[in-house]
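The values are calculated or read from the model by the stated rules, or taken from the named source; none is laboratory data. The shown structure was predicted, so the numbers you read here are calculated from the model rather than taken from an experiment. Note: ideal-geometry Cβ built from the backbone for every residue, glycine included; neighbour counts use all protein chains shown.
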Amino acid sequence: MISMKTLLTFLLLASVSCYGKKVYTLSKNDFIYQFRDTTNLLQVHCINEKGLKVWLHTTAQTILVAKMQESREKKLILYKVTLKGDAIEAIEYNVWIPSKKIISINIDSVHSFEIEKNGFQEYERPYFSLDSARALLKFKNDSLANAYTGGEEFVIYMKEKNNPAADTIAIIENACYHLKFKDGNDAEFGVVYKITKDSISVSNRFNEAIAKRDKKEYRIYNYAISDLAELSVFRFKGQKFRTLKFTDYDILVSTVPKADHGCPCWFSLVRYNGEVYFYRYWRTENGFAGISEQNGRPIWLER
């Protein structure tokens, strides 16, 4: 006789496992391509219930169903599935008795696969070809790098007057800085577009989107180098800025080969959605980090 407590527990588990459940299909060829000699996949491309190819972002609860002959099937924990040779190695899913035992299924005995989405943390995104995105990314970055294989450009060097042992700070074209000028104008994440022997051209913000969010008109400033007043560098430790006054530094402007410092900007791919972000060097207290823009906000990564 089943007790009321046991029955209620069963009904609760059944309702939780079925609520929000969606089924995706995965062809045998796509399974082989994605699961060969790999495991812990965080995303899988498959076909949703509308017949659209999507990227499904998975969790530890996502189930892969191997469809076999004579209507037989095996439910497997997806993130533990791998294909080695002709053998599918996986942990079989059991809602009642979780197991860590690895089972093996011959790939020839399987004709197709389904993926069961059982939770709210799994989500889908429109499909994109990761290989094509990587190829485009390489082309873009190679084009940027090629522009710095030859030629020269002016660089502004700041050498601290009272501390000759301190590192020299370089202001280079196409990198970002927090600068303030003697007339009070400032540049936050400003892009240095041009340096000559006595002048500098810099934008007041990283791009128009950030300027709009800051309620500023996007502008390009043209100043004499002697008009520079302050450089602010960010401290990741403490999350605050340190202000450097140009009057405390000896300023040297000289031409250097572009190849000496390389390209100060690059493209980066977000693997889970195929979006490409354009980064530039941004001067911090610890050297250069990478800065980009997302929805009008600056985003950065240490580089």
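At-a-glance table
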{"item": "Per-region count, region 68-91, residues over 33 Å from the mean Cα position of the chain (by Cα) and within 20 Å of LEU41 (Cα to Cα)", "result": "3"}
{"item": "Where SER99 falls short, out of the listed (1) out of contact with any helix residue (DSSP H, G or I) (no Cβ under 8 Å at 6 or more places or on another chain); (2) small (Gly, Ala, Ser); (3) surrounded by fewer than 17 Cβ atoms within 10 Å (Cβ to Cβ); (4) outside the structural domain of GLU70 (by TED's automatic domain parsing)", "result": "(4)"}
{"item": "Any hit, region 143-151, residues being farther than 30 Å from ALA289 by Cα, β-branched (Val, Ile, Thr) and surrounded by 11 or more Cβ atoms within 10 Å (Cβ to Cβ)", "result": "no"}
{"item": "Single unsatisfied condition, ALA90 versus (1) within 22 Å of THR59 (Cα to Cα); (2) out of contact with any Leu (no Cβ under 7 Å at 6 or more places or on another chain); (3) among the small types (Gly, Ala, Ser)", "result": "(2)"}
{"item": "Positions within region 114-154 being polar (S, T, N, Q) and more than 20 Å from TYR277 (Cα to Cα), in sequence order", "result": "ASN118, GLN121, THR149"}
{"item": "For ALA175: the one exception among (1) out of contact with any Asp or Glu (no Cβ under 7 Å at 6 or more places or on another chain); (2) under 23 Å from GLU153 (Cβ atoms); (3) without any contact (Cβ under 8 Å) to a residue 60 or more places away in the chain", "result": "(3)"}
{"item": "Search result, residues across region 121-175 that are out of contact with any Ser or Thr (no Cβ under 9 Å at 6 or more places or on another chain), in a strand (DSSP E or B) and not β-branched (Val, Ile, Thr)", "result": "TYR123, GLU124, ARG125, PRO126, ALA170"}
{"item": "Residues located in region 33-65, provided they are without any contact (Cβ under 8 Å) to a residue 60 or more places away in the chain and outside any loop (DSSP other than H, G, I, E, B)", "result": "TYR33, GLN34, PHE35, ARG36, ILE47, ILE63, LEU64, VAL65"}
{"item": "Hits in region 257-298 (condition: among the polar types (S, T, N, Q), within 30 Å of GLY151 (Cβ to Cβ) and either surrounded by fewer than 18 Cβ atoms within 10 Å (Cβ to Cβ) or at pLDDT below 90 (or both))", "result": "SER268, ASN286"}
{"item": "Answer from TYR193, TYR223, TYR218 - the residue that is outside any strand (DSSP E or B) and aromatic (Phe, Trp, Tyr)", "result": "TYR218"}
{"item": "Some residue of region 54-62 being surrounded by 18 or more Cβ atoms within 10 Å (Cβ to Cβ) and in contact with a helix residue (DSSP H, G or I) (Cβ under 7 Å, 6 or more places away or on another chain)", "result": "yes"}
{"item": "Residue in region 3-14 that is modelled with pLDDT under 95 and assigned to a strand (DSSP E or B) present", "result": "no"}
{"item": "Boolean, SER254 is exposed (fewer than 12 other Cβ atoms within 10 Å of the Cβ) and polar (S, T, N, Q)", "result": "yes"}
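Okay, residues lined up against (1) under 16 Å from ALA175 (Cβ atoms); (2) outside the structural domain of GLU122 (by TED's automatic domain parsing); (3) free of Cβ contacts under 8 Å to residues at least 24 places away in the same chain; (4) part of a strand (DSSP E or B):
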{"residue": "PHE241", "(1), (2), (3), (4)": "no, yes, no, yes"}
{"residue": "ILE251", "(1), (2), (3), (4)": "no, yes, no, yes"}
{"residue": "TRP266", "(1), (2), (3), (4)": "yes, yes, no, yes"}
{"residue": "ASN273", "(1), (2), (3), (4)": "no, yes, no, no"}
{"residue": "ARG280", "(1), (2), (3), (4)": "yes, yes, no, yes"}
{"residue": "GLY290", "(1), (2), (3), (4)": "yes, yes, no, yes"}
{"residue": "PRO298", "(1), (2), (3), (4)": "yes, yes, no, yes"}
